[in-house]
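Notes follow once the structure below has been shown.
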Amino acid sequence: MIRLHIISPDVPYPPDYGGMVDVFFKVKNLHEAGVLIYLHCFEYGRGRPQALEQYCEKVFYYPRKTGLPGLSLRLPYMMYSRRDEQLLHNLQSIDAPILFEGVHTAYYLSHPSLAGRFKLMRNQNLEQEYFALLGQRTKNLLKKLYYRVEASLLKTQESRLDAADVFLTVAEHDYRFFKKAYPEKQHDYVPSFQPYHDIDVLPGMGSYALYHGNLGHLENIEAALFLLENVCPHSTVPFIFAGRDPHEKLKAACADLPHCRLIANPDQETMARLVAEAQVHVLPTFQATGLKLKLLHALFHGRHVIVNREMVEGTGLAEVCHVAGTPATFIEQLETRFSQPFDQENINARRALLLQRYNNRQNALRIMTYLQP
């Protein structure tokens, strides 16, 4: 029996945002493949869901040290706030390999008492780049300072992860970064685990374009405003923006355009229907970091998908998307795809690529190859 510790930066249920989608479906698929899992979660508001118990031998919870107790002059807040002596004790007590879900959870990575353990590091992003980009884009001076300090500390820490034996990255450019930084270690590009097992797309035509995501998140606010200011005013295609906690700027921008509609905080069923029935998904991003799981959602369940290069960089998904770069090319692609039925040939091409790379069962088996004694 293969046993494995997994340290998660948050409680991975419900799997309703990027990193936790990957963690939850990784746990589920490793369990179904026969791995005995000890799941360690830092808890700060998501409770202790019973749903995790069915996939784990045991689930441990630890409070995250938020605010001043989580601050350090030497370590990133995301890491230092996730330290707990009970976690170290539990890792010491059960002799098994340890999977660290990101630099967030790496406080004990190089602890002397774990020196003999086999350790895997799962990187969702190159965090130093992600926080540096957030620092460039935010207008809030306090947040800008926080992001810049965190990016600086992360740059130091992401070059000190040499206690890990294996690096498992979700994007090809991150794979190249860590392989260059740690050439003596083992490296594997293992795309994100996700809830989809097959393409389920309605062929034919829809009647609107869709942008979806957490509309209160800085990165998504910027992408949605790009569309509302540079694309939507120059096209008559009906456009829906849907997602959690929309920023006031998005509300105002949508209200100014009669063919644009904002749907705030749709439930899961409504969002699934919006994704399935849209004719075109328009998903730009201005941060080429990690993998955007909303892109996978659109590809597994939606019709035409228009992106910019940053959205598909390092994912291998460009060939099943329509890539645009400027407002003019976004408008051109939008107008073209809005009148083009999505047919079985499109579905077959997408299925062939996605089920090769984004296959949960196969990717679980790939991780297990590193866990064999």
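Of all the options ASN123, ASN90, ASN29, the one that moves most in a Gaussian network model of the chain with Cα springs shorter than 10 angstrom is ASN90.
Amide H contacts of GLY206 (H built 1.01 Å from N, in plane; Pro and chain starts excluded): GLN279 sit under 5 Å, all sequence-distant by 5 or more or on other chains.
Scan (1) 21.0, 63; (2) 22.5, 76; (3) 22.4, 87 for the value of Rg and Dmax of the Cα atoms in Å calculated from this model and give just the label. Step by step, Rg and Dmax of the Cα atoms in Å for this structure corresponds to label (1).
Apply 1/(1 + (r/R0)^6) to the Cβ-Cβ distance of LEU88 and HIS247, taking R0 = 45 Å, and write down the FRET efficiency to the nearest 0.05. FRET efficiency, LEU88 to HIS247: 0.70.
Overall form of segment 111-249: oblate. Here a/c, set by the Cα gyration tensor axes a ≥ b ≥ c, is 1.5 or more, and a/b is not larger than b/c.
Sequence-distant contacts, meaning Cα pairs under 8 Å at least 6 residues apart, place the relative contact order of segment 209-357 at 22 percent. Once you order the gyration tensor axes a ≥ b ≥ c over the Cα atoms, which shape class does segment 5-58 get: rounded for a/c under 1.5, otherwise prolate or oblate by comparing a/b with b/c? Verdict is prolate for segment 5-58. For GLU43 and SER113, the FRET efficiency from 1/(1 + (r/R0)^6), where r spans their Cβ atoms and R0 equals 22 Å, is about 0.40.
For segment 1-147, the Kirkwood radius over C-alpha pairs fed into Stokes-Einstein at 20 °C and 1.002 mPa s yields D = 133 µm² per second.
Protection proxy ranking, highest mean first, for peptides 298-304, 115-121, 310-316: 298-304, 310-316, 115-121, where packing is the per-residue count of other beta-carbon atoms within 10 Å, averaged.
In plain terms, the residue of GLU32, GLU172 with the fewest other Cβ atoms within 10 Å comes first and the most crowded comes last, giving GLU32, GLU172. By other beta-carbon atoms within 10 Å, ranking LEU274, LEU317 with the fewest at the front produces LEU274, LEU317. For segment 1-133, what does the relative contact order come out to in percent, with C-alpha contacts under 8 Å and a separation of six or more? Once divided by the residue count of segment 1-133, the mean separation gives 25 percent.
At an R0 of 22 angstrom, the distance between the Cβ atoms of HIS234 and GLN136 translates into a FRET efficiency of 0.25.
Taking a ≥ b ≥ c as the square roots of the eigenvalues of the alpha carbon gyration tensor, segment 209-357 is rounded, as a/c is under 1.5. Any idea how far the Cα center of segment 212-227 sits from the one of segment 106-161, in Å? Centre-to-centre (Cα) distance: 23 Å.
GNM on the chain, alpha-carbon springs under 10 angstrom: the most fluctuating residue among GLU219, GLU335, GLU269 is GLU269. Across segment 310-357, how large is the tail of the calculated P(r) beyond 19 Å, expressed as a percent of all Cα pairs? For segment 310-357, the fraction of Cα-Cα distances above 19 Å is 36 percent. Fewest neighbouring Cβ atoms within 10 Å first, the residues SER8, SER72, SER235, SER339 line up as SER339, SER72, SER235, SER8. Can you give the local net charge around THR66? Use residues other than it whose beta-carbon is closer than 15 angstrom to its beta-carbon, Lys and Arg +1, Asp and Glu -1. Local charge sum for THR66: +1.
Excluding same-chain neighbours fewer than eight residues apart, the aspartates and glutamates reachable from LYS144 by a Cα-Cα span under 19 Å are GLU127, GLU129, GLU219, GLU222. Considering only GLN92, GLN128, GLN50, the mean-square fluctuation computed in a Gaussian network model of the chain, springs between alpha carbons under 10 angstrom, is largest for GLN50.
No lab work stands behind these numbers, since they all come straight from the coordinates. These figures come from a predicted structure and were not determined experimentally. Positions of Cβ are backbone-derived with ideal geometry, glycine not excepted, and every protein chain shown enters the neighbour counts.
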